[in-house]
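K.L.:
I'd like to ask some things about the structure below.
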Amino acid sequence: MASNTSVLASKNTSGVHCVAPGCTNYFYKDANVSFHRVPSDKHQLSKWLQSLKRKNIPNLQYGRVCSEHFIDEDFVEKGR
């Protein structure tokens, strides 16, 4: 059992994680949470940074914003 614990511990320290201040969500933690890439468009990025109250986003390779920081109206169904 100790070996399983160390494997789980290593998963929560790497990989996709939410960059919102104070958020502890990461990919392996909750299957009901989706993760969204930070936009590359400078205008959209500026809006996201303002909403997140951040000056910059660290580690864009793995950094995402989780679905807990959006409202239903923020989501657009594919094909629309």
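Every number in this text was worked out from the coordinates using simple rules, so none of it is lab data. Keep in mind that this is a model prediction, so the values were computed, not measured.
K.L.:
In nm, what is the difference between 0.36 nm times the number of residues separating Asn56 and Val76 and their Cα-Cα distance?
P.N.:
Using 0.36 nm per residue and subtracting the Cα-Cα distance, I get 4.7 nm.
K.L.:
Also, quick follow-up: Give, in nm to one decimal, the length gained when the segment between Lys29 and Leu49 is fully stretched (0.36 nm per residue of separation minus the Cα-Cα distance).
P.N.:
4.8 nm
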